[in-house]
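S.K.: Pasting in a structure now, in C-alpha cells, and then I'll have a few things to ask.
The values are calculated or read from the model by the stated rules, or taken from the named source; none is laboratory data. Quick caveat, the model's predicted, so the values are computed rather than measured. Don't worry about glycine lacking a Cβ; one is built from the backbone with ideal geometry, like all the others, and counts go over all protein chains shown.
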Amino acid sequence: MAKGADDDRWLVDLLEVQPDDRVLEVGSGPGVAIELIAARATRGLVVGVDPSDVMVRQATKRNRQAVQDGRVQLRQGSVSELPFADSSFTKALALHSIYFWPSVETGLRELCRVLSPDGRLAIGVRMYQPKAGGLNPSRYGLTDDQVQDITSALEHVGFRDVETQHRTLRRETITAILGRHP
C-alpha cells in the first residue's frame, strides 16, 4: 500500500501543515502521510485512524519515535464514528480511503464535526482510466461525476471554498478535493 509517496507529499503540501497544527488522517494505512505530517507538525499532534489493525500496527512501527514522543497517536476506527470531540483538529486528510467509506456523507459530516472553525480538509482520490491494465489501480478510480458528487456533498454538509486540483503522478491522475470548515 505504500509503493510511492508522491501523492502523500502532494496532499500534505496542500494541507499547509504548520508546527502547532492538530492533524487527523482518516484511513492512515501504513503511516506514510502520518510520517510526513509529523515532520511538519513538530509542536502539534498527528492522529491516524484506520479500520485495519494490521495497518495501525504498520503505521505504529513506521512512526515509532513520534508515537513514543506523544506527537503521533494511531488507533483503529472508522470515519463513520470518529472518537474525538468537536473541533479537535485544525487539519484533516483522507488519501485513497474515501472509496471504502460506508457512507461518504456520514464521513464528511464527521470530519466537519471534528474540524475546528476554518479547519482545512484534503481528500485525495485516484481518477479512473478506462484503458488502464488489470494491475493498474486507476482501473478502479473515480470518474469526474463521482468527484463532483463528493464536492457537492462537501458543500452540502457545510464546507466552504471547495475546490479540486489534479496532478499526474506515476502515470496516474490524482485529484485533490479541498475544503474549509465554516
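S.K.: Identify, please: which residue in the stretch 72-101 is small (Gly, Ala, Ser) and touching a residue at least 40 places away in the same chain (Cβ under 8 Å) and is, among those, surrounded by the fewest Cβ atoms within 10 Å (Cβ to Cβ)?
M.R.: In the first step, residues of the stretch 72-101 are kept if they are small (Gly, Ala, Ser); the result is 77-78, 80, 85, 87-88, 92, 94, 97.
Then keep just the ones that are touching a residue at least 40 places away in the same chain (Cβ under 8 Å); that gives 88, 92, 94, 97.
Values: SER88: 18, ALA92: 27, ALA94: 25, SER97: 21.
Per the criteria, the residue is SER88.
S.K.: Would you mind listing the helices (runs of 4 or more DSSP H) fully within the stretch 3-120 where at least 1 residues are over 16 Å from the mean Cα position of the chain (by Cα) and not aromatic (Phe, Trp, Tyr)?
M.R.: Numbers: elements: 6-15, 32-40, 53-62, 64-68, 104-114.
In the stretch 3-120, the matching helices (runs of 4 or more DSSP H) lie at 32-40, 53-62, 64-68.
S.K.: Take the conditions in a helix (DSSP H, G or I), touching a residue at least 40 places away in the same chain (Cβ under 8 Å) and over 27 Å from GLN18 (Cα atoms) and apply them to ASP149. Does it pass? Write out each step before concluding.
M.R.: Numbers: in a helix (DSSP H, G or I): yes; touching a residue at least 40 places away in the same chain (Cβ under 8 Å): yes; over 27 Å from GLN18 (Cα atoms): yes.
So ASP149 passes the test.
S.K.: Quick check: is even one residue across the stretch 102-115 within 22 Å of ALA5 (Cβ to Cβ), out of contact with any His (no Cβ under 9 Å at 6 or more places or on another chain), without any contact (Cβ under 8 Å) to a residue 24 or more places away in the chain and surrounded by fewer than 21 Cβ atoms within 10 Å (Cβ to Cβ)?
M.R.: First, the residues of the stretch 102-115 that are within 22 Å of ALA5 (Cβ to Cβ): none.
Looking for residues that are within 22 Å of ALA5 (Cβ to Cβ), out of contact with any His (no Cβ under 9 Å at 6 or more places or on another chain), without any contact (Cβ under 8 Å) to a residue 24 or more places away in the chain and surrounded by fewer than 21 Cβ atoms within 10 Å (Cβ to Cβ), one finds none in the stretch 102-115, hence no.
S.K.: List the pairs whose first member sits in the stretch 158-169 and is closer than 18 Å to ARG120 by Cα, whose second member is exposed (fewer than 15 other Cβ atoms within 10 Å of the Cβ) and at pLDDT below 95, and whose Cβ atoms are under 7 Å apart, counting only residues at least 6 apart or on separate chains?
M.R.: GLY158/PRO182; ARG160/PRO182
S.K.: Here's another thing I want to ask about it. Would you confirm whether or not the stretch 32-53 contains a residue that is touching a helix residue (DSSP H, G or I) at 6+ places or on another chain (Cβ under 8 Å), over 21 Å from GLY124 (Cβ atoms) and in contact (Cβ under 8 Å) with a residue 24 or more places away in the chain?
M.R.: No; the residues of the stretch 32-53 include none that is touching a helix residue (DSSP H, G or I) at 6+ places or on another chain (Cβ under 8 Å), over 21 Å from GLY124 (Cβ atoms) and in contact (Cβ under 8 Å) with a residue 24 or more places away in the chain.
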